[in-house]
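These notes are about the structure you will find just below.
The values are calculated or read from the model by the stated rules, or taken from the named source; none is laboratory data. What you see is a predicted model, and the numbers here were worked out from it, not measured in a lab. FYI the Cβ positions are ideal-geometry reconstructions off the backbone, even for glycines, and counts take in every protein chain you see. Keep in mind that these areas ignore ligands, DNA and RNA; they rest on the heavy atoms of the full protein, side chains included. Shrake-Rupley method; radii C 1.70, N 1.55, O 1.52, S 1.80 Å.
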Amino acid sequence: MSKVSDSTLVIIPTYNEVENLPLIVGRVRKSTPQVDILVVDDSSPDGTGEKADEMAAADENINVLHRETKDGLLGAYIRGFEWAQEKGYEVVVQMDADGSHAPEQLHLLLEQIDDGADLVIGSRYVEGGKVVNWPKQRYLLSKGGNLYISLALTGDIKDMTAGYRAIRREVLETIDVHELSKKGYIFQTEFAFRAIQQDFDVREVPITFTERELGESKLDASFAGESLVEVTKWGIEHRLSQLKDVTSYATSLAGYELKHSKLAEAPKDIRRVFKQVTGMVSEGAKLAKYEVQHSSLADVPGKVQEGAQQVTGMVSEGGKLLDYEVKHARGEV
């Protein structure tokens, strides 16, 4: 019986990985010989692209794309995603070339895909996951950052920044990867967040992440600050959107009750004000969201506080107006 994972492409972006590439490709071919491999090389000056071509010539399961422009990891993955979709693959896997993502654990991700998951993340921070050969400071920065991201965005996924992933074709067809943030590696977080927002089945499996032994890391420490700026804004926008959704639902529910209760017999002025009050909350949420989107990180807390005060003030004033109209209709004022 065929499985979805029988049509899997492993994408391995490379830049100056001539030592690591034969090792990682060899491990993939040995541990999961049924999958195909696509090496996306960004014109590596150390000969990685040429080495990939040699390997592809000797193995029909290995493919190579050469990119003229080095515009970051996201650009390499986008080109790989497009190639995978053109060739009709059902599952795409993201894997680093440096050996940090163990090919021997790829089956854990693919098993979840076959079980119905849409996006599977190889996680360092769920039970059973671990990190090997990382400095303590880097480990704490990564784990603390992921904890912050989890609390700000989802509350469920523990390793939103992880790059070892298996993705169903349907997810790539739904999410416009060209719109993802190009700041550092934050696109990994944004992609997972968008998948969750689209109600895809996102799961984590424990993996062992091992720091590279050969070559130089491409990781720039400045990415942490940039990432937290983006995540903070997304988180606030997400909460404000939730407030807007709740308000919209409450407005609809209130409107229904208005039509099917004794309030329907109330003077038109009262019903008009009632609708104005519920509308005020929605407009206040929109205004607060706009302010957050157009603020720097340093200004975000103040803008959120202002937005909350505006919403609260609108509700308060609307409540006073509604109370006055009710009393006026009763002849109490």
Residues satisfying the stated conditions in the range 32-67, i.e. open to solvent by 20 Å² or more (accessible area, probe 1.4 Å) and either closer than 22 Å to G184 by Cβ or among the basic types (K, R) (or both):
S43, K51, R67
Being surrounded by fewer than 18 Cβ atoms within 10 Å (Cβ to Cβ) and either touching a strand residue (DSSP E or B) at 6+ places or on another chain (Cβ under 6 Å) or of a type outside the set (V, I, T) (or both) narrows P103, P135 down to just P135
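In the range 152-162, is there at least one residue being closer than 15 Å to L73 by Cβ, modelled with pLDDT of 85 or more and out of contact with any Pro (no Cβ under 8 Å at 6 or more places or on another chain)?
Within the range 152-162, one or more residues are closer than 15 Å to L73 by Cβ, modelled with pLDDT of 85 or more and out of contact with any Pro (no Cβ under 8 Å at 6 or more places or on another chain).
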Just give me the residues in the range 12-27 being surrounded by fewer than 24 Cβ atoms within 10 Å (Cβ to Cβ) and either in contact with a Leu (Cβ under 6 Å, 6 or more places away or on another chain) or closer than 25 Å to D118 by Cβ (or both), in sequence order.
E19, N20
Is one or more of the residues making up the range 178-193 more than 16 Å from L73 (Cα to Cα), in contact with a helix residue (DSSP H, G or I) (Cβ under 7 Å, 6 or more places away or on another chain) and open to solvent by less than 50 Å² (accessible area, probe 1.4 Å)?
yes
Out of the range 40-61, which residues are closer than 25 Å to L74 by Cβ and in a loop (DSSP other than H, G, I, E, B)?
D42, S43, S44, P45, D46, G47
Name the single residue that is most open to solvent (accessible area, probe 1.4 Å) among those in the range 106-121 being part of a loop (DSSP other than H, G, I, E, B), on the phi < 0 side of the Ramachandran plot and not hydrophobic (A, V, I, L, M, F, W, C).
D115
Are any residues in the range 62-83 closer than 14 Å to T14 by Cβ, touching a Leu at 6+ places or on another chain (Cβ under 9 Å) and not in a strand (DSSP E or B), and if so, which ones?
A76, R79, G80
Kindly establish whether G75 is open to solvent by less than 10 Å² (accessible area, probe 1.4 Å) and over 16 Å from P22 (Cα atoms).
no
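Count, please, the residues in the range 8-34 that happen to be in a loop (DSSP other than H, G, I, E, B) and among the hydrophobic types (A, V, I, L, M, F, W, C).
Counting residues in the range 8-34 that are in a loop (DSSP other than H, G, I, E, B) and among the hydrophobic types (A, V, I, L, M, F, W, C) gives 1.
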I'd like to know if the range 200-209 contains one or more residues that are charged (D, E, K, R), in contact with a strand residue (DSSP E or B) (Cβ under 6 Å, 6 or more places away or on another chain), within 18 Å of V92 (Cβ to Cβ) and modelled with pLDDT of 95 or more.
yes
